[in-house]
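I have placed the structure first, in the form of structure tokens, so that the comments after it can refer back to it.
The values are calculated or read from the model by the stated rules, or taken from the named source; none is laboratory data. Just so it is clear, the model here is predicted, and its values are computed rather than measured. We place every Cβ from the backbone using ideal geometry, glycine too, and count neighbours over all the protein chains shown. Heavy atoms of the whole protein, side chains included, go into the accessibility calculation; ligands, DNA and RNA do not. Shrake-Rupley method; radii C 1.70, N 1.55, O 1.52, S 1.80 Å.
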Amino acid sequence: MDFRQPTRRAVLAGGAALAASAVASPVSAQAPQVLMRPIPSSGETIPATGLGTWITFNVGNDPVLRDECAAVMAAFFEAGGRMIDSSPMYGSSQPVIGYGLEKLGSPPVFSAEKVWTSWGSNGPEQMEQSRRYWGVPHFDLMQVHNLLAWQDHLKTLYAMKEAGQVRYVGITTSEGRRHDLFEEVMRKERLDFVQITYNIVDREVEERLLPLARDRGIAVIVNRPFQQGDLTRRLEGEELPEWASEIGASSWAQFILKFILSHPAVTVAIPATTRVDHVRENVAAASGPLPDEAMRQRMAAYIEQL
Amino acid sequence: MSEWWGYRLSDFLLFSPRAYWRLLELHNEALWPLPLLTLAAGLLAGGLALLRPKAASRVIPLLLAVLWAWVAWSFFWNRYATINWAAIYVAPIFALQAMLLFVLGGPRQVDPDGRGWWRAIVVTLLAVALLYPLLAPLSGRPWSQAEIFGMAPDPTATGTLALLLLTRARWCVLLFPIPVLWCLASGITLGAMDASLAWVPPFAALAACALAIAQPRKAARPRV
């Protein structure tokens with residue numbers, strides 16, 4: 001199949017099957033069984049691998065690169081993925097997502113967006129602009145980006161949730177920024193989601209934020225699972241250990257994603273990529289066996305000694 | 001605004017190197033053969049600066065003013081802003097430089113000969129700006145992604161600095177900051193992109209500053 005030009009029927013078939021599926025049920029003839037994770041606040045399940053768009057989808061008006069992004073989205077949906085995450089901070093990523101969704105015939109995406117402005121009064125206008133870029137009737141999840149003006153924005157988001165304009169509310173941070181405040185907001189606000197950086201090397205969130213999310217019933221989105229590609233680049237020349245096959249990991253990317261997804265508090269990881277083969281590989285990481293605690297320790301120790 | 005403190009420079013690099021170089025390629029393609037004309041304008045300005053006919057005093061700053069305004073509008077406002085929202089704020093700064101060149105860009109009436117070595121280095125700097133397209137193949141990129149004087153900001157800023165030096169422009173203290181700051185900012189951006197020749201724009205800017213300080217004067221200051 002030429003994934004640069006996916007048929008609308010193929011995409012819709014995969015998406016429709018996904019929408020009808022429950023936990024880890026077959027989604028289509030082509031799609032593997034995808035690990036589904038519940039959103040604690042609602043019980044709704046979503047595939048455990050999402051798609052980030054930071055840098056990768058910021059391609060402006062370039063028609064060639066836009067089509068490449070749409071091909072990545074097509075492969076993502078076809079493999080069983082659903083959550084796509086973006087932000088007004090990500091340049092042209094939002095209109096590029098909208099282009100892809102339109103091209104693919106509006107597949108059933110779980111839309112995760114952010115509000116990113118220092119002034120609470122600008123939030124509604126920015127979110128409406130984001131919605132127009134995506135071309136969706138409403139967002140599934142709206143997050144306060146990096147806690148910027150979080151008090152004002154959360155007030156707005158709660159009101160929007162009440163009015164049915166957004167289904168879930170969350171906050172984000174990345175690369176270990178402002179974890180103390182993040183924890184405080186997690187403790188006192190009624191959040192459905194938090195988004196944090198977590199991977200086999202950056203494990204600070206295991207101490208407080210991940211256990212807290214579990215205790216408070218907050219879904220966790222993991223961003224920058226590959227340290228923006230630095231981690232996978234660093235591991236490129238290294239041999240994958242033989243025992244990686246025990247957890248069904250056939251690449252370093254799958255090795256890392258399986259480590260992340262095996263943490264019981266993690267709901268979705270959102271690796272970003274510009275490549276169709278990588279997006280398939282990423283979604284496939286959310287299928288098959290996941291490491292247990294002993295294997296997780298072994299994996300982390302192995303990476304540490306490289 | 002303490003929220004901003006948590007960001008690093010690399011967090012503001014919103015695009016991949018591929019998206020940036022493709023942007024330049026689309027820019028050149030969309031406006032072809034205009035890149036040839038802007039490059040010819042650069043050659044003309046360089047020729048006038050070296051030969052110093054009477055018209056040079058007015059033509060060179062006018063040419064530069066037009067090119068800076070063009071880069072502000074066509075590159076920053078229309079093109080670069082599609083992948084970098086900060087470009088919207090850079091466009092007016094380039095437009096301001098165009099205005100400054102238009103208003104203040106006339107040459108100083110001084111002895112034009114100067115010291116040979118100084119002049120040779122400034123001419124080399126101008127040559128770097130006009131030969132900037134060569135950096136594309138030298139960096140392993142195709143010619144179609146070349147940065148061209150009058151089309152892309154880096155060679156335009158570098159060439160402007162050289163021309164200001166060659167023509168001994170008045171008000172250099174006002175005409176230098178924007179191209180110098182742009183070259184430094186561009187070097188940082190290219191460095192964040194891991195571009196192999198990221199050092200070129202800041203090196204050119206620092207060289208221009210050094211040349212401005214060392215430019216020959218009628219009376220040398222006594223040594224202490």
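Among A:Gly98, A:Gln228, A:Thr173, which residue has its Cα furthest toward the positive end of the charge dipole of chain A, with +1 on Lys/Arg Cβ and -1 on Asp/Glu Cβ? Looking along the dipole axis, the top candidate is A:Gly98. Counted by Cβ distance under 13 Å from B:Ala129, the other residues give a net charge of -2, where Lys and Arg count +1 and Asp and Glu count -1. Nonpolar atom fraction for the protein assembly as shown, defined as the carbon and sulfur part of the 1.4 Å probe accessible area, stands at 60 percent. Over the C-alpha atoms of region B:15-213, the Rg to Rh ratio, Rh being the Kirkwood estimate, stands at 0.95.
With θ taken as phi - 60° and the Karplus curve 6.51 cos²θ - 1.76 cosθ + 1.60 applied, the whole-hertz 3J(HN,Hα) list for region A:155-168 is 4, 4, 5, 4, 5, 5, 5, 4, 8, x, 8, 8, 8, 9 Hz, x standing for glycine and proline. Interface residues of region A:86-101, defined as those with an accessible-area decrease of at least 40 Å² between the chain by itself and the complete set of protein chains (probe 1.4 Å), are A:Met89. Per-residue mean of foreign Cβ neighbours for B:69-80 is 0 (Cβ atoms of other chains, 10 Å radius). Ellipticity at 222 nm from helices only: DSSP H runs of n ≥ 4 in the protein assembly as shown, each -39500 (n - 2.57), divided by the residue count, give -15000 deg cm²/dmol.
Against the main long axis of the alpha-carbon atoms of chain B, helix B:87-104 sits at an angle near 10°. Report, to the nearest 10°, how far helix B:56-70 tilts away from the longest principal axis of the Cα atoms in chain B, using its own Cα long axis and a range of 0 to 90°. For B:56-70 against chain B, the angle is about 10 degrees. Using heavy atoms of the protein chains and a probe of 1.4 Å, the accessible area assigned to B:Cys172 is about 30 Å².
Name the residue, out of A:His179, A:His153, A:His145, whose mean-square fluctuation peaks in a Gaussian network model built on chain A with Cα pairs under 10 Å. Looking only at A:His179, A:His153, A:His145, the largest GNM fluctuation is found for A:His179.
Shape class for region A:217-306: rounded, because the ratio a/c of the largest to smallest gyration tensor axis (alpha-carbon atoms, square roots of eigenvalues) is under 1.5. Each residue of region A:282-294 is assigned a 3J(HN,Hα), and the resulting list reads 5, 5, 5, 5, 8, 8, x, x, 10, x, 8, 4, 5 Hz, derived from the Karplus form 6.51 cos²θ - 1.76 cosθ + 1.60 (θ = phi - 60°), x at Gly and Pro.
Accessible area per residue for chain A is 39 Å², calculated with a 1.4 Å probe on protein heavy atoms, without ligands, DNA or RNA.
With protein chains left intact and a 1.4 Å probe, residues in region B:15-213 average 43 Å² of accessible area per residue. Helix B:34-51 and the longest principal axis of the C-alpha atoms of chain B enclose an angle of approximately 20°.
Accessible surface comparison of A:Ile196, B:Ile213, B:Ile93, A:Ile55, probe 1.4 Å, protein chains only, largest first: the order is B:Ile213, B:Ile93, A:Ile55, A:Ile196. What the pair-distance distribution of the protein assembly as shown shows, using all Cα-Cα distances binned every 20 Å from zero, is 21, 45, 26, 8, 0 percent. Between chain B and chain A, roughly 1900 Å² of accessible surface gets buried, counting both sides and using a 1.4 Å probe.
For the segment A:58-70, counting C-beta atoms of other chains within 10 Å of every residue's C-beta and taking the mean gives 4. Summing charges over all other residues whose Cβ lies under 14 Å from the Cβ of A:Gly164, with Lys and Arg as +1 and Asp and Glu as -1, gives +1. A straight Cα-to-Cα reach below 22 Å connects A:Lys188 with the lysines A:Lys114, A:Lys155, A:Lys161, residues fewer than 8 places away in its own chain not being considered. Annotation: amide H of A:Gln195 within the under-5 Å range of A:Ile171, A:Thr172, A:Thr173, A:Ile221, sequence separation 5 or more or interchain, hydrogens built in the peptide plane. Which distance in nm do the two modelled labels at B:Ala40 and B:Asn78 give, with both placed 7 Å along the Cα-to-Cβ direction? Reported label-point gap for B:Ala40 and B:Asn78 is 1.9 nm. Of the candidates B:Ala65, B:Ala152, B:Ala136, which one comes out as most mobile in a Gaussian network treatment of chain B with C-alpha springs shorter than 10 Å? Top of the fluctuation ranking is B:Ala136. Solvent-free Debye calculation, one equal scatterer per alpha-carbon of chain A: log10 I(q)/I(0) at 0.06, 0.07, 0.11, 0.12 Å⁻¹ equals -0.18, -0.24, -0.62, -0.75.
For the pair A:Arg298 and A:Arg234, the difference between a 0.36 nm per residue extended length and the Cα-Cα distance amounts to 21.2 nm. What the Cβ-Cβ distance of A:Leu181 and A:Arg214 gives, at R0 = 22 Å and to the nearest 0.05, is a FRET efficiency of 0.65. Need the full-extension length gain, B:Arg18 to B:Ile188, defined as separation in residues times 0.36 nm minus the C-alpha distance. One decimal, nm. Length difference between fully extended and current span is 59.5 nm. First check a/c for region B:142-224, with a ≥ b ≥ c the square roots of the eigenvalues of its C-alpha gyration tensor; if it is under 1.5, answer rounded, and if not, answer prolate when a/b is larger than b/c or oblate otherwise. Prolate, since a/c reaches 1.5 and a/b exceeds b/c. With Cα atoms as the point set, region B:104-197 shows a radius of gyration and Dmax of 14.7, 44 Å. Centre-to-centre, using Cα atoms only, region B:33-88 and region B:144-162 are separated by 8 Å. Per-residue 3J(HN,Hα) values for region B:128-133, derived from phi via the Karplus relation 6.51 cos²θ - 1.76 cosθ + 1.60 with θ = phi - 60°, read 4, 5, 6, 8, 3, x Hz in sequence order (x marks Gly and Pro).
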